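Please read the structure below before turning to the comments.
The values are calculated or read from the model by the stated rules, or taken from the named source; none is laboratory data. Worth saying up front: this structure is predicted, and the values here are computed from it rather than measured. Here the Cβ positions follow ideal geometry from the backbone for every residue, glycine too, while neighbour counts run over all protein chains shown. We work out accessible area using only protein heavy atoms, side chains counted, and drop any ligands, DNA or RNA first. Shrake-Rupley method; radii C 1.70, N 1.55, O 1.52, S 1.80 Å.
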Amino acid sequence: MSKTEVLHGDCLNLLRDIPSETVDLVYLDPPFFTGKIQKLRSREGRKDFSFQDIWSGYEEYAEFIYKRLVEVKRILKKSGSVFFHCDRNATHIIRAILSDIFGDSNFRSEIIWAYRRWSNKKKGLLPAHQTIYFYSKTNNYKFNFIYDSYSETTNIDQILQKRIRTKDGKVVYAKDNNGDIILDDEKKGVPLSDVWEIPYLNPKAKERVGYPTQKPILLLERIIKLVTDRGDLVVDPFCGSGTTLIAAKILGRNSIGFDISKDAVEITLKRLNNPIRSDSNLLKIGREAYSTADSDALSLLQGIDYIPVHRNKGIDAILKKQYKNRPILIRIQKKGESILDAAFLLANAAKKRKALKSFLIVTNDSSLFSNDILKMIPDSVELIDSPASLIKKIISNDNSGYIYQLTRRST
C-alpha cells in the first residue's frame with residue numbers, strides 16, 4: 001500500500017531533510033512570475049484560498065527557484081526525473097536554470113499542455129497552453145512508453161508496413177529482394193508526443209476544489225506513469241491542492257508534498273481522504289468527428305485489443321496481436337450488405353495485406369444464407385456470429401454459433 005505525507009513549511013528547508021538519491025520523480029508547479037495574488041473561493045463558497053505570486057524582479061524569482069532545484073537534483077536517484085510546470089511568464093527563466101543545474105544533455109522534452117478554455121475578450125490570441133519541462137538527472141533515466149491511438153488520417157500501409165531510412169535520410173517502405181513489401185512487427189499505437197491535449201478542469205467538475213491553479217489529475221497521472229513504477233517515490237515541493245499526491249495514491253506510488261500555505265495543506269489532506277477524479281469525455285470521444293470507422297460495428301469488439309481502421313472498404317479493425325507475424329484483420333458485416341460482398345472485400349484486403357487470419361463478424365440472420373452461398377466464402381475468411389445473430393439462432397432452435405465453420409468443413 002502506498003504512503004503519502006503532507007508537510008507545512010518552506011520546501012527549501014523540507015527538501016533538505018530528504019536523503020540524497022532517494023526520489024524517483026519531482027514535479028514542481030511553483031508560483032508563476034505573474035505579479036498577482038492568486039485567489040479563488042472554494043466550491044461551497046465558504047472559504048477563500050490564495051497564495052502570493054509577487055516578485056520584485058527576475059533576479060529574486062530566479063534565486064528562489066535555483067536554490068530549490070539544487071536540492072531537487074540532490075534528492076533524485078540517478079534514474080530520476082524532474083518535471084517543471086510553468087506558464088509563459090517564466091519559461092525563459094526556468095529553462096535556463098534547469099539547463100544550468102541538470103545540464104543541456106539531460107534535457108528530455110518541452111511538453112506543451114494544450115487545452116480549450118473560456119473565450120478571451122482581450123485583444124490578441126487566447127492563451128491555451130502551458131509548458132512543462134522534462135529533465136532527467138542522468139542519461140540512465142527510467143522511462144515507460146505510453147502509446148496513443150493512430151490518427152484517423154493514418155493510412156493502413158503506415159500501420160502494417162515496415163519503414164526504413166535510406167542513405168539519403170529519406171524514410172521509405174521496406175521491400176525484400178523480390179520487391180514485395182515487408183510487414184512490420186506488432187503495433188501498440190503511436191508513441192506519446194510532447195503535445196498533450198488534456199482538458200482544463202471544468203469549473204463544475206467534481207474534482208475541482210476551488211484552489212488557484214489547480215491542475216487535472218489526468219495530467220499528473222500521465223507524468224507519473226511516464227517515469228515511475230508502483231512503489232516509487234514522488235515529491236511535490238509546491239503541492240497546492242494536492243493533485244500530484246492524489247494521482248500518486250491512485251497509481252500506487254509513494255509521495256511527499258510540501259506547501260507553505262496552511263490552506264493548501266488543509267485542502268490536500270481533505271482530498272486525500274476522499275479522492276475524486278473526473279474522467280474526460282473529450283479525451284474519450286474528442287476526435288470522433290474526424291473518424292470514418294463504424295463505431296456501432298466496432299462496439300462488437302469490446303474486450304479485444306484492436307486498432308480501428310479508417311478509410312478502408314475491406315477492414316474495420318486490426319488486432320494488436322499477430323498470427324505467425326502477420327496481421328489479423330476484422331470486418332463486421334454492414335446493414336444491408338450480403339455475406340458474400342462482405343467476405344470478398346475482406347478476402348481481398350487479407351490478400352493485399354498478407355494476412356493469414358481474417359474474421360468476418362456476421363450480423364444478419366444466418367437463415368438467409370444457403371449452403372451454396374457458404375461454399376463460395378473464400379477459405380481465408382473465418383465467419384463468426386455476432387451476439388445478436390447468435391441469440392436469434394438460439395431462439396429459433398438453430399445449431400451452435402459456429403454453424404458456418406461446421407457447414408464449410410463438412411462440405
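A few notes on this one:
- Hey, Lys204 open to solvent by 80 Å² or more (accessible area, probe 1.4 Å) and at pLDDT 95 or above or not: no
- Glu59 loosely packed, with under 15 Cβ neighbours inside 10 Å and either modelled with pLDDT under 90 or in a helix (DSSP H, G or I) (or both): yes
- The residues of region 162-185 that are more than 32 Å from the chain's Cα centre (by Cα) and either among the small types (Gly, Ala, Ser) or on the phi > 0 side of the Ramachandran plot (or both) amount to a single one, Gly179.
- Spans of helices (runs of 4 or more DSSP H) in region 318-411 with at least 2 residues modelled with pLDDT of 85 or more and among the basic types (Lys, Arg): 339-352
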